[in-house]
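For reference, the structure discussed in these notes is given below.
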Amino acid sequence: METAMYMRREVIGDSKVNVTEQPVDVLPLARAIAEAKNMKDNDEAFMIINLDALYERFKLWKRELPQIEPFYAVKCNSDETMVQALAALGVGFDCASREEIDIVMRMGVAQERIIYANPCKTRSFIAHAEEKGVTMMTFDNAEELEKIAKHHKCPELILRIAVSDPTATCPLNLKFGAEPVKQAPELLKRAADLGIAVIGVSFHVGSGCNDPSAYRVALGHARNLFDLGLGLGHKMEIVDIGGGFPGGEHHTPFEQIAALIRSAVGEFFPEPEVRLIAEPGRFFAARPFTLVANVIAHTAVPAEKITKNACDAAATGHMYYINDGVYGSFNCILFDHAHPTGRPLFDIEGEKYPSTIWGPTCDSLDQIEDKKMMRALDVGDWLIYEVRYICRSIIDRYRTPTIDNRPDDRNLIARSLQDMGAYTCAASTTFNGFQRPTPIYVIGERTWKALGM
Ligand code: PLP
């Protein structure tokens, strides 16, 4: 079966990568893998990691934001094969810890291609960065400035300011960023007094940005701080526009966000000598990962148990238990405000029933989907997953993420759709002894050649 699906196997780091003659087509591949597993009575969940999709994202970035160097945010998904493919494409890396610095340096990434972009750093990690020659790092308060000065001999600091899209899926400026008008100028002065080099300004408008005008506002503040820093004797040369870019289809497409950024860069930073960088995470990581999980248990229940509607007492509903859950890849439900949506891997017409999908652990928090209308499945059937997002403002309005019974909201939820690679595997556990899905790496022959590995 495997030889029929792939041309040959190559190796990236410790992983085997299956090379296909034609560009990877995930759905037929997922079906073929599931059928092959069925024949071996193998019901393990699997994650297809499509490196063609990663390369497409890279090309999209280069086409839309050619003047901005991407530094992939490793925290989003530290899958080493993907990280290594990005390294081969010449991407830089945003690392948040000692471990992330080590992951990318083990792959031969030079220290200049790393930014230690956690404004709140462990002392020993700062010393480790110095030992490894990593100099670029962010800060957003005076205490951090002094801490870095104590533990690193030649840091090149980037001042992180708080400018946020309040409707972003995960706003970040409650925790990080100096207020840009009063506090940030004071920090530039303090750094100058201490003789610490500040070389630029950074921001993060929030992960899953919904209102891209936040980038323009942030770039305006960055310009003011650049001029102020230059006046204070800092060698200001870098603007870091952070992350926030969508990982797939989005109500404001990436192309539109990029056009706004290009225009704001032209307005505020027209000088070619300014180095522009970004820290995209989900932009790269979401698309390549497709999760396929197996139904390990099923029970028919009165539909009322699912719909909570007494009129459904005589109707049938179904509860399914699959072999990945909230403690695994679906932690994105809790940590990334995601709404994963599964569909049967094999399209078979059938009457639809109210259904609940549970993860495999003994915790009733481990629920993936509720009040879902779906055809009946059997134990051993497969579900393939995508992730949807809604705007934070919409969640706030209703104070509950349970949206399925409000038809008007379905359009809003459907306006942001991505695959399963962003903020999923990165925080998954093996709670209750359930293993993570088996990774299956695939790449088309043309992409393999383009990577030149
Ligand atoms: N940079 C920093 C400092 C972050 O904290 C994050 C995410 O939390 C990112 C980059 C990546 O953001 P995104 O996945 O929205 O691109």
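Give me the accessible area of H221, 1.4 Å probe, in Å² rounded to the nearest 10.
Here the accessible area works out near 50 Å².
Scan around T316 for amide H atoms under 5 Å from its own, H built in the peptide plane at 1.01 Å from N, and keep only partners 5 or more places away or cross-chain.
Correct list: A303.
Kindly sort D324, D193 by accessible area of their heavy atoms, largest first, with the probe set to 1.4 Å. Before the final figure, lay out the partial values.
Numbers: D324 5, D193 125 Å².
The ranking, largest first, comes out as D193, D324.
Through the Karplus equation 6.51 cos²θ - 1.76 cosθ + 1.60, θ set to phi - 60°, convert the phi angles of segment 281-291 into ³J(HN,Hα) values in whole Hz; use x for Gly and Pro.
Calculated HN-Hα couplings, in order: x, 4, 3, 8, 7, 5, 4, x, 9, 10, 9 Hz.
What is the Rg over Rh value, at two decimals, for segment 1-106, using alpha-carbon atoms and the Kirkwood definition of Rh?
1.03
Excluding residues on the same chain fewer than 8 positions from K37, give the lysines whose Cα lies under 23 Å from its Cα.
Reachable lysines: K16.
Counting only C-alpha contacts under 8 Å and six or more residues apart, can you give the relative contact order of the chain as a whole percent? Before the final figure, lay out the partial values.
Numbers: 975 pairs, mean separation 89.8, N = 453.
It comes to 20 percent, rounded to a whole number.
So what's the gap between the Cα centers of segment 28-96 and segment 200-244, to the nearest angstrom?
First find each Cα centre; the distance between them is then 28 Å.
List every residue whose amide H lies under 5 Å from the amide H of A278, counting only residues 5 or more places away in sequence or on a different chain, with H placed 1.01 Å from N in the peptide plane.
Residues meeting the amide H criterion: E69, F71, I241.
Going Cα to Cα from K352, which aspartates and glutamates come in below 18 Å? Please leave out same-chain ones fewer than 8 positions away.
By straight Cα distance, K352 reaches E304, D312, E369, D370, D378, D381, D404.
Report the accessible area of K37, computed with a 1.4 Å probe over the heavy atoms of all protein chains in place, in Å² rounded to the nearest 10.
20 Å²
From zero outward in steps of 10 Å, how is the percent of C-alpha pairs of the chain spread across the bins?
Pairs per bin, as whole percents: 4, 20, 28, 24, 15, 7, 2, 0.
For segment 43-195, which whole-number percentage of the solvent-accessible area (1.4 Å probe, protein heavy atoms only) is attributable to carbon and sulfur atoms? Before the final figure, lay out each step's value.
On the way: 3050 of 6120 Å².
After summing per-atom areas, the C and S share lands at 50 percent.
Give the accessible area for Y116 in Å² (nearest 10); use a 1.4 Å probe, count only protein heavy atoms, and leave out ligands, DNA and RNA.
0 Å²
Solvent-accessible area per residue for segment 204-348 at a 1.4 Å probe radius, Å²? Don't jump to the answer; show the numbers that get you there.
Details: 5180 Å² over 145 residues.
Per residue, segment 204-348 has 36 Å² of solvent-accessible surface.
Using only alpha-carbon positions, what ratio does the radius of gyration of segment 281-393 give when scaled by 2.2 N^0.38 Å?
1.09
Let me check something: with ligands and nucleic acids excluded, how do W382, W358 order by accessible area (1.4 Å probe), largest to smallest?
Output order, biggest surface exposure first: W358, W382.
5 Å is the cut-off here: which amide hydrogens, built 1.01 Å from N in the peptide plane, fall below it relative to S202, excluding neighbours closer than 5 in sequence?
When sequence neighbours closer than 5 places are left aside, the close amide H contacts are L159, R160, I161, D240.
What lysines does K62 reach when the alpha-carbon gap must be under 26 Å and sequence neighbours fewer than 8 apart in one chain are set aside?
Correct list for K62: K75, K449.
Which value does Rg/Rh take for segment 74-223 over its C-alpha atoms, Rh per Kirkwood?
A ratio of 0.97.
The values are calculated or read from the model by the stated rules, or taken from the named source; none is laboratory data. Keep in mind that what you see is a predicted model, and the values were worked out from it rather than measured. Side chains are part of the model used for accessible areas, which takes the heavy atoms of the whole protein and leaves out ligands, DNA and RNA. Shrake-Rupley method; radii C 1.70, N 1.55, O 1.52, S 1.80 Å.
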